[in-house]
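S.K.: Mind having a look at this structure? Questions to follow.
Rule-based calculations on the coordinates, nothing more; no lab input. Note that this is a predicted model, so its numbers are computed, not measured. Glycine gets a Cβ as well: all are built from the backbone with ideal geometry, and neighbour counts include every protein chain shown.
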Amino acid sequence: MFVVEQACVYLDADGADLVSRHLWAEAGGELHAYLRLVPAGVKFPEISIGRVIVAPEARGTGLGKELMQRGIAAANGAPIRIGAQAHLEKFYGELGFVRASEPYDEDGIPHVEMTRG
């Protein structure tokens, strides 16, 4: 779902899935939101949250924010670093993240690193 919607169709095999914690929300047996909590030292020195996605029919319901709050809680107060799509900087800012890099291109999409804690 993530790679197709983002129009970044590529092998999503960074080796982090097997060591990550996966959080999701579903309704009626269908996936509505997902994120991946990656341990510190795998992608960044800090814990990271990535692959955050909310199904189109669940957007605007607060589900993405709720799932992010659960991901943050699962980090148990440890510092978190994310690679956020630049247009979502305000959304992540409302969750306590602050910009930690200049914008950069990832698969044709502007991103910024952000940290929390």
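S.K.: List the equivalent ellipsoid semi-axes of region 71-113 in whole Å, largest first, each obtained as the square root of 5λ for an eigenvalue λ of the Cα gyration tensor. Working shown, then result.
M.R.: Numbers: eigenvalues 84, 22, 16 Å².
In descending order, the three semi-axes are 20, 10, 9 Å.
S.K.: Would you tally the net charge around His111, using a Cβ to Cβ cut-off of less than 14 Å, leaving His111 out, and scoring K and R as +1, D and E as -1? If you can, show how the numbers build up before the last one.
M.R.: Numbers: positive: Lys43, Arg51, Arg81, Arg99; negative: Glu89, Glu102, Asp105, Glu106, Asp107, Glu113.
Summing Lys and Arg as +1 and Asp and Glu as -1 gives -2.
S.K.: Would you compute, for the Cα atoms of the chain, the largest minus smallest coordinate along each principal axis and list the three values in descending order, in whole Å?
M.R.: If we take the Cα atoms of the chain, the spans are 37, 32, 30 Å.
S.K.: Rank the residues Leu18, Leu67, Leu95 as a footprinting-exposure proxy: fewest other Cβ atoms within 10 Å of their Cβ go first. Could you put the intermediate results ahead of the total?
M.R.: Details: Leu18 5, Leu67 22, Leu95 17.
Sorted ascending by nearby Cβ count, the order is Leu18, Leu95, Leu67.
S.K.: Something else about it: Suppose every Lys and Arg Cβ carries +1 and every Asp and Glu Cβ carries -1, with no other charges. What dipole size does the chain come out with about its Cα centre, to the nearest 20 debye? The partial results should precede the final answer.
M.R.: Values: 11 positive and 16 negative charges, 93 e Å.
Magnitude of the dipole: close to 440 debye.
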